[in-house]
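In what follows, a single structure is set out as structure tokens and then discussed.
Derivation of every value follows stated rules applied to the coordinates shown; laboratory data play no part. A quick note: this is a predicted structure, and the numbers were derived from the prediction, not measured. FYI the Cβ positions are ideal-geometry reconstructions off the backbone, even for glycines, and counts take in every protein chain you see.
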Amino acid sequence: MQSIDLRGVTCPTNFVMAKLKLEDIEVGTTVEFLLDDGEPVKNVPRSLKDEGHKLLGLQERDGYYVLTLEKGAE
Amino acid sequence: MAEPKIDLKNLKAGGFIKERGKDLFTVRLRVPGGRMSVDRLSKIAAVAQKYGKGYVHLSVRQSIELININFADFDAVVAELGEEQQKVASCGARVRVPTACGGCEYNPNGLVGTQKSALEVDQKLFGTATGHHKFKVGFAGCPFDCPKSATNDVGFQGAVWPKLDSDGCISCGLCAKSCAEGALSMGADNKPVFDAAKCIYCGDCIKVCPTGAWSAEKKGYTVRIGGKWGRRPLVGTLYATFVPEERVVDFIAAVLGWYQEKAEGAGRVRLGDIIIREGWQSLLERLRSEFPEYVVQETIAPQVIQSQLPLPGQQA
């Protein structure tokens, strides 16, 4: 599974980067995003959901979070 | 041409405010909720160019004010603004033009239609004489509360009450992570546990939930009453929760009725100070009789914000 590291990237740049990355990924593909704690993990999942992607889960790792999602239709 | 004799008292009621210069007035426009069509904005710009000083002032309560208007031009200004249905606002002891945030149509945080509420209040209550002092109403679409609703005489804040369909929950934990108030945590069965006392009705759990397991059980406004700013600030306190959008005008009218009655003879005193004098119980009971399903069990007096030193009763 493709993993996109958005740690160290602040809002809203992290969301825009996630959006750009998703443009190159096929619909239905599952990818994961690495997100910092705080604002990023609170904001990015909701924004990606609003864009039509299917959120699959959130896991806490060592000091950061892994968001798994399936790319939605355009 | 304007009448040679103009009643300054009526002018003030109509939103014409005397400036420093001879014969010059500020004309405050009526812009409920701060939303304006570009056509209307263009018309205002043209009128300001023709009769004004070359600039306008954007007031703190979302109005556009035309500056340096000569009173002889009042009739022409009003007529030309009227070509785009632009009206003039009010001053004095009246229900003022309501303020509002952008609302829920394009703002992802918005929970309720604040723009619609502001328009409705403007149509039905704007300009109502209170008999005592100004009366301000404001609408915030969510608990972020950009419009600072609790600094209004009656302030509305969008709210949503979440409910969980446990079968639809995939135990992702996003809701618990999103809840900034600590009202949600993941339980032993890996399902969210809701602590209702901590919820401020922001709906972040509903917005982030991937499956729709969290949904809105009810929506409406949290209502705080008795706020004002100025020389002696007060922050309004909680009187009702989940007041439906269609009851907003009735709710304000009930508060206004209480104020008109209780402030009788008190002079130019704002609602919050009348509540402090009369006790919050009186207003709460009045509202409970009309809105029993929304009014809270009890509240507290408007909160005095100490902005001067020394504090009252202390030595300098």
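What FRET efficiency comes out for B:A197 versus B:I17 if R0 is 45 angstrom and r is the Cβ-Cβ distance? Round to the nearest 0.05. The formula returns an efficiency of 0.45 here.
Label separation (B:K50 vs A:R7): 6.4 nm, computed from points 7 Å beyond Cα along the C-beta direction. Relative intensity of region A:34-74 on a log10 scale, I(q)/I(0) at q = 0.18, 0.23 Å⁻¹, equals -0.46, -0.71, per a Debye sum over C-alpha point scatterers of equal strength in the absence of solvent. Relative to the dominant Cα principal axis of chain B, helix B:114-125 is inclined by about 50°. From the cross-link list A:K49/A:K71; A:K71/B:K207; B:K191/B:K219; B:K116/B:K136; B:K124/B:K262, which pairs have alpha carbons spaced over 20 Å apart? In this structure, B:K191/B:K219; B:K124/B:K262 exceed 20 Å between Cα atoms. Using the Cβ-Cβ distance between A:D50 and B:S282 with R0 = 45 Å, the FRET efficiency computed as 1/(1 + (r/R0)^6) comes to roughly 0.50. Counting 0.36 nm for each residue step from B:S37 to B:Q314 and taking away their Cα separation leaves a gain of 94.5 nm. Computing FRET efficiency as 1/(1 + (r/R0)^6) for B:N70 and B:L238, where r is the C-beta to C-beta distance and R0 is 45 Å, gives about 0.45. Measuring between their Cα centroids, region A:19-55 and region B:263-316 lie 47 Å from each other.
The value for chain B of Rg(Cα) / (2.2 N^0.38 Å) is 1.16.
Sequence-ordered 3J(HN,Hα) estimates for region B:46-60 from the Karplus curve with 6.51, -1.76 and 1.60 and θ = phi - 60° stand at 5, 5, 5, 5, 6, 10, x, 9, x, 8, 10, 10, 8, 6, 5 Hz, glycine and proline given as x. In order along region B:73-90, the phi-based Karplus estimate (6.51 cos²θ - 1.76 cosθ + 1.60, θ = phi - 60°) of 3J(HN,Hα) comes to 9, 3, 4, 5, 4, 5, 5, 6, 4, x, 5, 10, 6, 7, 9, 8, 8, 10 Hz; Gly and Pro are listed as x.
Each residue, B:E293 and B:H57, gets one label point 7 Å from its Cα in the Cβ direction; the gap between the two is 4.5 nm. Distance between the 7 Å Cα→Cβ label points at B:W229 and A:K21: 4.2 nm. Near A:I4, the amide H atoms lying under 5 Å from its own belong to A:E32, A:F33, A:L34; only residues 5 or more places off or on other chains count, and H is placed 1.01 Å from N. In the protein assembly as shown, the convex hull through the Cα atoms has an average projected area of 26.2 nm², a quarter of its surface area.
Taking packing as the residue-averaged number of other Cβ atoms within 10 angstrom, the listed peptides B:138-150, A:62-74 run from highest to lowest as B:138-150, A:62-74. Fraction of C-alpha pairs exceeding 17 angstrom in chain A: 32 percent, rounded to a whole number. Once the Cα atoms are used to define both axes, helix B:248-262 deviates from the longest principal axis of chain B by about 70 degrees.
Our coupling estimate for region B:20-29, obtained by passing each phi through the Karplus curve with A = 6.51, B = -1.76, C = 1.60 and θ = phi - 60°, is 5, x, 4, 6, 9, 9, 8, 10, 8, 8 Hz, Gly and Pro reported as x. Rounded to the nearest 10 degrees, what's the angle between the helix A:39-50 long axis and the longest principal axis of chain A, both from Cα atoms, 0 to 90? Between the helix axis and the principal axis of chain A, the angle is about 10 degrees.
Listed as lacking a disulfide-compatible partner in chain B: B:C91, B:C101, B:C104, B:C142, B:C146, B:C169, B:C172, B:C179, B:C199, B:C202, B:C209, by the criterion of no other cysteine Cβ under 4.7 Å. Amide H to amide H distances under 5 Å link B:G203 with B:V160, where only residues 5 or more positions off or on other chains count and H is placed in the peptide plane.
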